[in-house]
Amino acid sequence: MKIVAICGAGIGTSAILKVNAERALKRLGIEADVTAADAASVRDVAEDAQVILTSPELVDIIGKTYADVVVIQNYFDLEEIAAKLLTALG
Amino acid sequence: MLKDSSVLPPLPESAVTIGASAATWRDAVRLAGDALARSGAATPAFADEMIRVIEEFGPYVVIAPGLALAHARPGPETLRNGLAVVTLVEPVAFGHAHNDPVRVVLGLSVTHANSHIEAIADLANIFNDASAIPRLAEARTIDEVLAVMNWDGDTA
């Protein structure tokens with residue numbers, strides 16, 4: 001399973017999302033590969049991803065994708081991240 | 001485990017500005033850029049880069065209620081990995097749908113795109129504690145800010 005965390009610059013916020021998504025997945029007992037990337041490279045990086053994690057502001061930039069786009073409001077809220085990942089991963 | 005040089009160094013006093021006034025989000029980000037420049041982590045022009053990221057991609061840098069993580073790509077303006085903390089007297093709107101207004105602005109300078117994940121993990125250790133943002137926002141001394149930011153999550 002592949003999950004991609006997206007931010008504008010590919011630095012900083014996507015890395016926080018990656019780190020906390022990994023922590024949330026560990027809580028859920030789900031194995032997945034989480035990658036951090038910038039919005040410009042989303043089409044290449046997310047081509048084979050099941051889930052894209054991002055901010056409400058970046059949804060439009062990501063555009064059409066086969067992946068589930070999961071919008072995270074508070075990047076430090078592990079419960080929000082875990083709950084939304086669980087919903088997306090079914 | 002040995003940590004490599006990519007880890008954020010302890011936050012120095014020079015990278016902290018408390019009780020600042022900012023009329024706009026641009027002013028607030030510029031204050032974070034000033035603090036990064038003062039501490040030697042970036043050149044003064046880095047503030048413009050951080051502002052440009054928000055102009056291009058929107059206020060997604062407001063990643064939690066009341067907290068903005070201003071940042072930009074590594075470049076000639078980034079001198080070393082470093083963080084700055086600015087607290088605002090009056091909260092400022094960045095235009096984020098859920099997390100406005102912002103009371104605490106972090107500035108982040110990293111010199112290599114692939115070497116910052118571990119440093120960010122340290123940052124997550126600090127802010128996954130929901131009390132960290134209000135404690136920073138209400139800090140009245142630089143020492144109170146340093147106590148929040150230089151907390152070593154590894155010992156917990």
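The values are calculated or read from the model by the stated rules, or taken from the named source; none is laboratory data. Just so we're clear, the structure is a prediction, and the values are computed from it rather than from any experiment. When we count neighbours, we look across all protein chains shown, and the Cβ atoms used for this are built from the backbone with ideal geometry, even at glycine. To get the accessible areas, we keep the full protein, side chains included, count just its heavy atoms, and leave off ligands, DNA and RNA. Shrake-Rupley method; radii C 1.70, N 1.55, O 1.52, S 1.80 Å.
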Problem - The lone exception for B:Gly40 - which of (1) on the phi < 0 side of the Ramachandran plot; (2) not in a strand (DSSP E or B) it fails - result: (1)
Problem - Those residues of segment B:43-69 which are part of a loop (DSSP other than H, G, I, E, B), within 19 Å of B:Ala20 (Cβ to Cβ) and in contact (Cβ under 8 Å) with a residue 40 or more places away in the chain, in sequence order - result: B:Val62, B:Gly66
Problem - Identity of the residue in segment A:49-70, at the interface with chain B (Cβ under 10 Å from one of its Cβ atoms) and buried (at least 21 other Cβ atoms within 10 Å of the Cβ), that ends up nearest to the chain's Cα centre (by Cα) - result: A:Thr54
Fill in the blank from the handout: In the set A:Ala36, A:Ala46, the lone residue that is within 10 Å of another protein chain (Cβ to nearest Cβ) and farther than 18 Å from B:Leu67 by Cα is A:Ala36
Fill in the blank from the handout: Those residues of segment B:88-112 that are modelled with pLDDT under 95 and open to solvent by 50 Å² or more (accessible area, probe 1.4 Å) come to a total of 3
Practice task
Just need a number here: residues in segment A:19-57 that are within 22 Å of B:Tyr60 (Cα to Cα), touching a helix residue (DSSP H, G or I) at 6+ places or on another chain (Cβ under 7 Å) and of a type in the set (Lys, Arg).
Solution key: 1
Handout entry: Which listed residue is more than 15 Å from A:Ile11 (Cβ to Cβ), free of Cβ contacts under 8 Å to residues at least 60 places away in the same chain, among the polar types (S, T, N, Q) and part of a loop (DSSP other than H, G, I, E, B), from B:Asn125, B:Asn99
Key = B:Asn99
Problem - Answer residue from segment B:40-50, given it is more than 10 Å from chain A (Cβ to nearest Cβ) and open to solvent by less than 10 Å² (accessible area, probe 1.4 Å) and is nearest to B:Val29 (Cα to Cα) among those - result: B:Ala47
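So if I check each of B:Leu69, B:Leu106, B:Leu83, which one is more than 21 Å from A:Pro56 (Cα to Cα) and touching a helix residue (DSSP H, G or I) at 6+ places or on another chain (Cβ under 9 Å)? Let's see the steps before the verdict.
On the way: B:Leu69 fails: more than 21 Å from A:Pro56 (Cα to Cα); B:Leu106 fails: more than 21 Å from A:Pro56 (Cα to Cα).
Of B:Leu69, B:Leu106, B:Leu83, the one residue that is more than 21 Å from A:Pro56 (Cα to Cα) and touching a helix residue (DSSP H, G or I) at 6+ places or on another chain (Cβ under 9 Å) is B:Leu83.
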Practice task
Specify the residue that is farthest from B:Ala137 (Cα to Cα); the eligible residues are those in segment B:19-33 that are buried (at least 19 other Cβ atoms within 10 Å of the Cβ) and touching a residue at least 24 places away in the same chain (Cβ under 8 Å).
Solution key: B:Gly33
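State all residues of segment B:70-83 that are without any contact (Cβ under 8 Å) to a residue 40 or more places away in the chain and within 10 Å of chain A (Cβ to nearest Cβ); if no residue qualifies, say none.
Going residue by residue through segment B:70-83, those that are without any contact (Cβ under 8 Å) to a residue 40 or more places away in the chain are B:71-72, B:74-79.
Passing the criteria: B:His71, B:Ala72, B:Pro74, B:Thr78.
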Problem - Of the criteria (1) free of Cβ contacts under 8 Å to residues at least 60 places away in the same chain; (2) within 12 Å of another protein chain (Cβ to nearest Cβ), which one A:Ala24 fails - result: (1)
